[in-house]
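Just below is one structure, and these are the notes that go with it.
The values are calculated or read from the model by the stated rules, or taken from the named source; none is laboratory data. All of these numbers come straight from a predicted model, not from anything done at the bench. A quick note on method: Cβ atoms are made from the backbone with ideal geometry, for glycine too, and the neighbour counts reach across all protein chains shown.
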Amino acid sequence: MRVAKKDLSHFREEVLTILPQLLREEPEVITAIEGIIARQFPRRDEFASLLKEIKLQREQTSQQIKLQREESTRQLEQTNRRIDLLGEEMNRRLEQMEQRIEQVEQRVDLLHEEMNQRFDQVDQRFEQVDQRFDQVHQDHLELKRRVIKLESGQKQILEKMTGFDAWLKVITGNQGTGQTLEDLFAIALRYGLKNPNIKPESIRLRQELMDVEGLVFRKNYGTEIDLIAENGKLTVFEVKATANIDDVDLFGMKIELVRLQNRDKKVQGILVSPGAGERIKKRCMEFRLELLD
């Protein structure tokens, strides 16, 4: 018969109240209760056997745990030794690598120093080459200046020789052929008058001179002159291999007429006569003539 939970609680209170008295007065109740307990719980000998078995199992378990711990410790020690060996090997390799790196760095430093030395040598060689080039350049410039100076001197000598040759032709009357009279006179007068600016186109030969009003000569007197016309200036020249007083007087009168007819221009008279004497020189001064002798 199943007892309700409420009734069971009521019975528990009553049992707990009357059970001590019942156990004292009714010993068979104790036996009955022990039987009930024996069915629900093990007996003492069984309990003792159970405890012994549990103890044995605990000892076995402890032994297994101890063995496992020892094995784990041994394996851990082996692992630690392996780790230590691996660490030592790694340290040894690292030291070797550091040594190699140091050797490489030393080699790089030596190579860098050697390269610097070589670069310094190359720089010195380049400096020497530059100095040689500079010297060669200076020598070349000096040689070029000398050549130019020599060519200029030769040109001047050639011009002087050409001018002197033309001057001789003019004063001797041997004008030759191959060039115009204006060209010849330009070369000769540049040499004789020391005026490098005289050009052939400024020379006018055999220009008619007419005294229409009789300012110097008789009226309508006609003659010819040679002149250089440039920059508002008229330079009248006449060449005489051997000049006399009459030649100077006639040339002086021509110059006077040109001056009177060209009052707006500066007029200069030049008489070319090699070996002219003192009388000729004096008479030229009287007419304000320049004498080239």
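The strands (runs of 3 or more DSSP E) located wholly in region 214-293 that include 2 or more residues which are touching a residue at least 60 places away in the same chain (Cβ under 8 Å) and surrounded by 21 or more Cβ atoms within 10 Å (Cβ to Cβ) occupy 266-272. Of all the numbered requirements in (1) at pLDDT below 55; (2) touching a Pro at 6+ places or on another chain (Cβ under 7 Å), Glu182 misses one, and that requirement is (1).
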